[in-house]
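Trainee: Sending over a structure as structure tokens; questions will come in a sec.
The values are calculated or read from the model by the stated rules, or taken from the named source; none is laboratory data. What you see is a predicted model; the values in this text were computed from it and never measured. With ideal geometry, Cβ positions are generated from the backbone for all residues, glycine too; neighbour counts draw on all protein chains shown. Heads up: the accessible areas ignore ligands, DNA and RNA and are worked out on the full protein's heavy atoms, side chains in. Shrake-Rupley method; radii C 1.70, N 1.55, O 1.52, S 1.80 Å.
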Amino acid sequence: MYYYTVQKEDVAQSEFEDFLTRMEGCPDYAEQLGEILQFIKEIGEKHGAREAHFKHERAADALPPPYYIQPGKPNKFGLRLYCIRLSEEVVILLNGDLKTKNNPEECPNCRKHFRFANSLARKLDEAIKNREVILVDRELQFDDDFEIEL
């Protein structure tokens, strides 16, 4: 199982590092962050990145898994980590925040992360179809000068 992340040009941290830095600085989210990190570990070590372990969010995906949030019960788990599941062995971890609205487009915290994840997922899918990015087993292969403009 391979996890990747991305780093925007002229930004010091990767998307996932930014998520960790911001969430580790919020003691109110410590338990939820720990649970998301545990999901990442378990998916990587035990389960593989099967679709069932990710909440489908248009072209992208999110954690926690959909089965963790039970329909009809109050949702006290508001932290979202957006990602892109490319296969059962490759996931790109991105960024996220505390989701305050049911629709991420309406959430001031998650909107930009949700939009970025979906935009990147569409562009990456296009690059894979055009063979600019090739998924070989658990590795992404691309030229050194490969860039995605969003």
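Trainee: Out of the residues in segment 32-45 that are in contact with a Leu (Cβ under 8 Å, 6 or more places away or on another chain) and under 16 Å from I92 (Cα atoms), which is surrounded by the most Cβ atoms within 10 Å (Cβ to Cβ)?
Mentor: I36
Trainee: For the structure I just gave you, tell me whether A117 is more than 14 Å from Y4 (Cα to Cα) and either out of contact with any strand residue (DSSP E or B) (no Cβ under 7 Å at 6 or more places or on another chain) or surrounded by 16 or more Cβ atoms within 10 Å (Cβ to Cβ) (or both).
Mentor: So A117 fails the test.
Trainee: Can you tell me which residue is modelled with the lowest pLDDT among those in segment 1-26 that are of a type in the set (A, V, I, L, M) and open to solvent by less than 60 Å² (accessible area, probe 1.4 Å)?
Mentor: Looking at the filtered set, the residue picked out is M1.
Trainee: Right, another one. Is segment 59-75 home to any residue that is of a type in the set (A, V, I, L, M, F, W, C) and closer than 23 Å to F142 by Cα?
Mentor: Yes, segment 59-75 contains a residue that is of a type in the set (A, V, I, L, M, F, W, C) and closer than 23 Å to F142 by Cα.
Trainee: For segment 46-57: of the residues being farther than 23 Å from I148 by Cβ and touching a helix residue (DSSP H, G or I) at 6+ places or on another chain (Cβ under 9 Å), which is surrounded by the fewest Cβ atoms within 10 Å (Cβ to Cβ)?
Mentor: Looking at the filtered set, the residue picked out is A52.
Trainee: Moving on to the next point. Restricting attention to segment 1-48, which residues are over 22 Å from F116 (Cα atoms), in a loop (DSSP other than H, G, I, E, B) and hydrophobic (A, V, I, L, M, F, W, C)?
Mentor: Within segment 1-48, M1, C26 qualify.
Every residue, every condition in (1) open to solvent by 60 Å² or more (accessible area, probe 1.4 Å); (2) within 18 Å of the chain's Cα centre (by Cα); (3) within 17 Å of A62 (Cβ to Cβ), yes or no:
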| position | (1), (2), (3) |
| --- | --- |
| R111 | yes, yes, yes |
| N130 | yes, no, no |
| I134 | no, no, no |
| Q141 | yes, no, no |
| E147 | yes, no, no |
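Trainee: Okay, moving on. Which of (1) open to solvent by less than 90 Å² (accessible area, probe 1.4 Å); (2) touching a residue at least 24 places away in the same chain (Cβ under 8 Å); (3) within 15 Å of the chain's Cα centre (by Cα) is the odd one out, the single condition Y29 does not satisfy?
Mentor: Going through the list (1) open to solvent by less than 90 Å² (accessible area, probe 1.4 Å); (2) touching a residue at least 24 places away in the same chain (Cβ under 8 Å); (3) within 15 Å of the chain's Cα centre (by Cα), Y29 breaks only (3).
Trainee: Under 6 Å by Cβ, and 6 or more places apart or on different chains, what pairs join a residue from segment 51-64 that is farther than 17 Å from E35 by Cα with one that is among the small types (G, A, S) and buried (at least 21 other Cβ atoms within 10 Å of the Cβ)?
Mentor: A59/A121; A60/A117; A60/A121
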